[in-house]
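The values are calculated or read from the model by the stated rules, or taken from the named source; none is laboratory data. Keep in mind the model is a prediction, meaning the values are calculated, not measured. Every residue, glycine among them, receives a Cβ derived from its backbone with ideal geometry; neighbour counts consider all protein chains shown.
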């Protein structure tokens, strides 16, 4: 178990079987520490007693992508059923390590120091619009930049990529 999860487990927030499956890259699934519904995968959200909380309407990009990903991975009918059981919405800005919650700047530095797991990859069933959203968000500075596009940065990156491709082909 990764150190941040060990700290969360010690404080009773997550169960012992919790593991990191993404680092600041896409969807995350957190369950109660005692996991009474035995939620172990996104498929388990179909259970009629499962309730979710996800990004608020104040974060329409993230919310739209979560719903889009659920529809692709679970189907439209199951997604609608899950959304009917949504218990609330909230913005999430939590970064912590060693039992200490940090702000965005400290969290950005902390996450930049952590190596990515080579065995993690996007789910191949993610729709093209989700993949494009993630690429545009990444080009604009990543998740901590507010999940919004920086058009000037994206245009500059596309121009540089086009120039590099043209140079390579010459």
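List every residue pair whose Cβ atoms sit under 7 Å apart, with the two residues 6 or more apart in sequence or on different chains, where the first one lies in the stretch 157-169 and is under 26 Å from residue 142 (Cβ atoms) and the second, anywhere, is assigned to a helix (DSSP H, G or I).
Partner pairs satisfying both residue conditions: 157/139.
Any residue at all in the stretch 123-130 that's within 16 Å of the chain's Cα centre (by Cα), in a helix (DSSP H, G or I), at pLDDT 80 or above and within 23 Å of residue 58 (Cα to Cα)?
Yes, there is a match, as at least one residue in the stretch 123-130 is within 16 Å of the chain's Cα centre (by Cα), in a helix (DSSP H, G or I), at pLDDT 80 or above and within 23 Å of residue 58 (Cα to Cα).
Go through the stretch 25-64 and give me each residue that's in a loop (DSSP other than H, G, I, E, B) and touching a residue at least 40 places away in the same chain (Cβ under 8 Å).
25, 26, 27, 59
May I ask you to list the residues in the stretch 107-116 that are outside any helix (DSSP H, G or I) and under 15 Å from the mean Cα position of the chain (by Cα)?
If the condition is that a residue be outside any helix (DSSP H, G or I) and under 15 Å from the mean Cα position of the chain (by Cα), then 116 is the only one that fits.
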